[in-house]
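In what follows, a structure is listed as structure tokens, so that the remarks can point back to it.
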Amino acid sequence: MNTNIKTREYTTVSEVSGPLMVVEGVEGVGYNEIVDIETPTGEKRSGQVLEVTKDVAVIQVFEGTNDLNTKDTKTRFTGQTAKIGVSRDMMGRIFNGIGKPIDGGPEIIPDEELDINGAPMNPASREFPEEFIQTGISTIDGMNTLVRGQKLPIFSGSGLPHNDLAVQIARQAKVLGADDEFAVIFAAMGITNEEANFFMRDFERTGALEKLTVFMNLADDPAIERILTPKMALTTAEYYAFTLGMQVLVILTDMTNYCEALREISAAREEVPGRRGYPGYMYTDLAGIYERAGRIDGKEGSITQMPILVMPQDDITHPIPDLTGYITEGQIVLSREISRKGIYPPVDVLPSLSRLMSGGIGGDKTRDDHSGVSDQLYSAYAEGRELRDLVAVVGEEALTERDQKFLEFAQAFEDQFITQSKDEDRTIFETLDLGWSLLKILPKAELKRVKEEFIEQYLPKDD
Amino acid sequence: MIIEGKIIKIAGPVIIADGMRGAQMLEMVRVGDEKLIGEIIELEGDTATIQVYEETAGIQPGEVVECTGGALSVELGPGVMSSIFDGIQRPLRIIREESGDFIARGIDVDSVNKEKKWTFKPVAKVGDVLKAGDVLGEVQETTAVLHKIMVPPHLEGEVTEIAAEGDYNVLEDIAEVGGEKVQMLQKWPVKRSRPYVRKLDPDVPLVTGQRAQDTFFSVAKGGAAAIPGPFGSGKTVTQQQLAKWADADIVVYIGCGERGNEMTEVLTEFPFLDDPKTGNPLMDRTVLIANTSNMPVAAREACVYTGITIAEYYRDQGYDVALMADSTSRWAEAMREISGRLEEMPGEEGYPAYLASRLAQFYERAGRVETIGSEPHVASISVVGAVSPPGGDLSEPVTQNTLRICKVFWALDASLADKRHFPSIDWLQSYSLYVDSIEGWWAENVAADWRATRDQAMSLLQKESELQEIVQLVGPDALPETDQATLETTRMLREDFLQQNAFDDVDTYCAPDKQYKMLKTILLFYKESLAAVNRGAPIANIVALPVKEEIGKIQSAITKQCSEA
Ligand SMILES: Nc1ncnc2c1ncn2[C@@H]1O[C@H](COP(=O)(O)OP(=O)(O)OP(=O)(O)O)[C@@H](O)[C@H]1O
Ligand SMILES: [Mg+2]
């Protein structure tokens, strides 16, 4: 790759604009190479080459370009693309957004230096994810099942309790019948100090800290730095999962902040913008993150991803949730309307989806009636919700008796099935049984989505 | 003379090199010390702009660019079937053997195994005078595919030598035609379509076993269909269903900028599923092209061409090929990304001005044709392209330009998907312009009144949407009982006919005959309930009849093929 290891120093910065810096008269600079920068006051920063011609390099500066000038800013080209030194000892430690320890502990002595961009997993090497993860949340386990190696984001709105849900999942997630716990990697991008404290307190309280690795880029840290944060986290995850054989759960929050940073760089480079000002390559860029979840045929470990993103204006068609949904294997959508009713967790099951559900459930994995119950709950709740809109216009009396049952069902579903407390850890069997007890509200002839034999077996009998 | 230039600029997947005078447009080149694969996409003076099919991190100005003298081509011959390739036809299983579970850069592997011996059975004899496309011999490539070794498109003449039946690898001479030695392996540049004699009108449906498609919005063999829909609406499931159950001889499945796990799913599932027609494993008639979203974007741009060229090659052998491209939007975005790096003048939403023409050129390679050769055969390529409109908004350029070309439109709808109405094909928006031309096939093979039955069901569904508007104002009870009977019937059409669960062992495939009889049964219910209402029977009693519940279970109660109804 880069045989030219002699380092090259230049003080020929010709332009500084936004997060970018242009250096002239350079030689032998590689695309994407990492650059060490020294500000006029002697402060050290780092950057990365975004574009290079024979003698000019465009560099994005991770820690911000304030105080940089064209006179006496020093740049040193390292000849290396961005790397992270990984080791088992990273567990239980806290790093900043670009992988430097910030918990006062010792430097990490790396076992391996890995390129943070990774390489694409060969589709022929993948193993299809199909091991059920029980999160203890009914709306997820029962209707949007998560499996090992899946990427399943939470689409939320500002002020909704996505953080509570994330920590609850991190705490409760387990694979039925297996006793290896998840190693959790937590990557924060642009979250507030308060949010960060919330997460850390919860991890401490539940003793999760020793299986936890944290990469923390806060709201007041440089925005550009957070371009690297998820890549640092996922490179570490790959090492844990595929070298050390661990089951890894990666929580990435908040992907919206990551995308804003991408947009900022793109704007500074005066690129032709795609939809709503976000760069045209944002899909590819996000795929480079999300596709790093998965399992490999013949290897023990797995990477399960749970990215969290706040939808600007609660708009699911906004490019950030939209492109994410096009890449991930489903989404858990939180709803302001449901939250306003005081329901926790305010999961709206209708737009939520787990695409890997069908492989992860059923007789040998959860229970034979699982898919039928889930389908039936979905269609009944969807119908109940539609009728609610109708009632708002024509009044409840105008409904048939059948329709009124569906209304009643929708209400009970929200009160009992969706609603659970922040430390309530339901088993999948409790969840399914709860589902049956709600289906009891409907006329039996309406239960078209479940097989007759399961109705016989599981529907509570009149007594 | 080998042309060799030097890199002067690198920006993502696009590099610029000078010293390239004499190089050709679309020529394949090797870039840098690692000899990454690239293609020349612009020439000006002695500088060439090159799109690189692999990750370019670490490449430096000054590194060498070598021309190869040929255009980006695919290798065609025995060994292609059942393979999984990346966007530039590198076999991913071999790459795995070479570089492990993550794809390294600069790997040089053969597309088709050059050592493997295939049993070649000659068909032509010495002294035969053959045209391009004529069959020299046959190789049983997989249980499902008899691979015809053809005289390559540029050649014709007398056969002066033909190999005896025996085992040969793809590079050994198996014949001499018109003075030229011929091997089993052919090469073909991906951006050029392979020749055929003429296009024929598509009038045979591609039977997919999917009720909404076959009965209402059928695509003909040789036709092109577009499936636009927001994320999670069922594009991939639909394409996989078609790849599994469509009555094509060969399936080419292109995962273009989509998920790795979806490819794995096909790879793990298809070997264990049997073709309903032949009983052979589906994998034996399937070729996969996997250039997932995290693989290099320039190779994503190439992957649809690689796929359709392979499809054309099997079509030339006389087969009906079905090609799935999931998703053409990712392909268009790859074009946009490269165009952006070239600083071309952007068109609508940043897409290059040539977006429409590239889409049209691609879909034009579909069709029912008379193949070349002395004895022309009829063969076809049907193309089904998924479209992923941002925010589900169908007014965006890729959807609009695709709809201008495709005669079949399956509109997937998010609100149906949210209700778990699958496939979420919106029956009011979708259309097929082939219904008239394939009507004859149904009349002949299924039932004389197929068209009338289908049309009656469709008009009931249209009536339903008008009635729904009234219900929204006054509630269902205020409707006349005959209209309520209509609504009960359309509910059955929606829930029992249009919905079809891809994951149900039985319902995943529904034979044309069963489709027709299900529809007939529901319409009979309609006729009888109207008659009963007119005799004064209350609608509530009719709705409560057990027969209605029974009809609801036809989907899975009757086997896939069974014609009892
Ligand atoms: N015919 C069907 N039967 C049952 N379930 C279906 C069917 N079609 C779609 N689904 C459900 O919808 C989910 C999403 O479908 P799919 O992955 O095909 O969406 P998509 O349109 O390809 O989305 P994206 O654009 O993000 O790739 C599936 O995982 C499955 O749960
Ligand atoms: Mg899809």
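Residue count for the stretch B:405-429 under the criterion of being small (Gly, Ala, Ser) and over 22 Å from B:Phe503 (Cβ atoms): the result is 1. The condition (being closer than 23 Å to A:Ile98 by Cα, without any contact (Cβ under 8 Å) to a residue 60 or more places away in the chain and within 13 Å of another protein chain (Cβ to nearest Cβ)) is satisfied by just one residue among A:Ala293, A:Ala287, A:Ala233: A:Ala287. Residue check: A:Ser46 meets all listed conditions (1) assigned to a strand (DSSP E or B); (2) away from chain B (no Cβ under 14 Å); (3) in contact with a Leu (Cβ under 8 Å, 6 or more places away or on another chain) but one, namely (3).
For the stretch A:81-157, the strands (runs of 3 or more DSSP E) that sit wholly inside it and include 2 or more residues that are in contact (Cβ under 8 Å) with a residue 60 or more places away in the chain and not hydrophobic (A, V, I, L, M, F, W, C) are A:112-115.
The stretch B:1-44 holds strands (runs of 3 or more DSSP E) entirely within its bounds, and those carrying 2 or more residues that are touching a Ser or Thr at 6+ places or on another chain (Cβ under 9 Å) and within 12 Å of another protein chain (Cβ to nearest Cβ) map to B:4-11, B:14-18.
For A:Leu390, the conditions (1) under 24 Å from B:Glu265 (Cβ atoms); (2) at the interface with chain B (Cβ under 9 Å from one of its Cβ atoms) are fulfilled apart from (1). Looking at the stretch B:3-18, can you tell me whether even one residue there is of a type in the set (Gly, Ala, Ser), at pLDDT 90 or above and surrounded by fewer than 22 Cβ atoms within 10 Å (Cβ to Cβ)? No, that holds for no residue. When restricted to residues that are more than 21 Å from A:Gln150 (Cα to Cα) and either more than 13 Å from chain A (Cβ to nearest Cβ) or out of contact with any Leu (no Cβ under 6 Å at 6 or more places or on another chain) (or both), the stretch B:240-271 contains 14. Look at the stretch B:378-399: where a residue is within 11 Å of chain A (Cβ to nearest Cβ) and in contact (Cβ under 8 Å) with a residue 40 or more places away in the chain and a partner is hydroxyl-bearing (Ser, Thr, Tyr) and assigned to a helix (DSSP H, G or I), sitting 6+ places away or on another chain with Cβ atoms under 6 Å, you get B:Ser388/A:Tyr326; B:Ser388/B:Ser329; B:Pro389/B:Thr399. Remark: A:Leu309 matches the filter, which requires a residue to be under 28 Å from B:Pro389 (Cβ atoms), touching a strand residue (DSSP E or B) at 6+ places or on another chain (Cβ under 7 Å) and within 16 Å of ligand 1 (Cβ to nearest atom). Would you call B:Glu375 part of a loop (DSSP other than H, G, I, E, B) and within 12 Å of chain A (Cβ to nearest Cβ)? So B:Glu375 fails the test.
Among the residues of the stretch B:296-337, those that are within 16 Å of ligand 2 (Cβ to nearest atom) and either aromatic (Phe, Trp, Tyr) or facing chain A (nearest Cβ under 10 Å) (or both) comprise B:Arg300, B:Ser327, B:Ser329, B:Arg330, B:Trp331, B:Glu333. Taking the conditions exactly as written (within 14 Å of chain A (Cβ to nearest Cβ), more than 23 Å from B:Gly257 (Cα to Cα) and out of contact with any helix residue (DSSP H, G or I) (no Cβ under 6 Å at 6 or more places or on another chain)), does B:Gly79 satisfy them or not? Answer is no for this residue. Search the stretch A:327-367 for residues being within 9 Å of chain B (Cβ to nearest Cβ) and part of a strand (DSSP E or B), and hand back the single one that is surrounded by the fewest Cβ atoms within 10 Å (Cβ to Cβ). Filtering the stretch A:327-367 for residues that are within 9 Å of chain B (Cβ to nearest Cβ) and part of a strand (DSSP E or B), the one surrounded by the fewest Cβ atoms within 10 Å (Cβ to Cβ) comes out as A:Gly330. Of all residues in the stretch A:285-305, those satisfying the criterion of being under 16 Å from B:Phe231 (Cβ atoms) and either at pLDDT below 95 or aliphatic (A, V, I, L, M) (or both) are A:Leu286, A:Ala287.
Going by the structure shown, is B:Ala224 modelled with pLDDT of 95 or more, surrounded by 24 or more Cβ atoms within 10 Å (Cβ to Cβ) and more than 10 Å from ligand 1 (Cβ to nearest atom)? Taking the combined requirement at face value, the residue satisfies it. Within the stretch A:169-214, restricting attention to residues that are in contact (Cβ under 8 Å) with a residue 40 or more places away in the chain and of a type in the set (Val, Ile, Thr), the residue that is farthest from A:Leu262 (Cα to Cα) is A:Val175. Listed residues A:Glu397, A:Glu456, A:Glu414, A:Glu408; which is assigned to a helix (DSSP H, G or I), more than 21 Å from A:Lys341 (Cα to Cα), of a type in the set (Asp, Glu) and more than 14 Å from chain B (Cβ to nearest Cβ)? Residue meeting the stated conditions: A:Glu456.
The values are calculated or read from the model by the stated rules, or taken from the named source; none is laboratory data. Note that the structure is predicted; figures quoted are calculated from it, not measured. Reconstructed Cβ throughout: ideal geometry from the backbone, glycine too, with neighbour counts over all protein chains shown.
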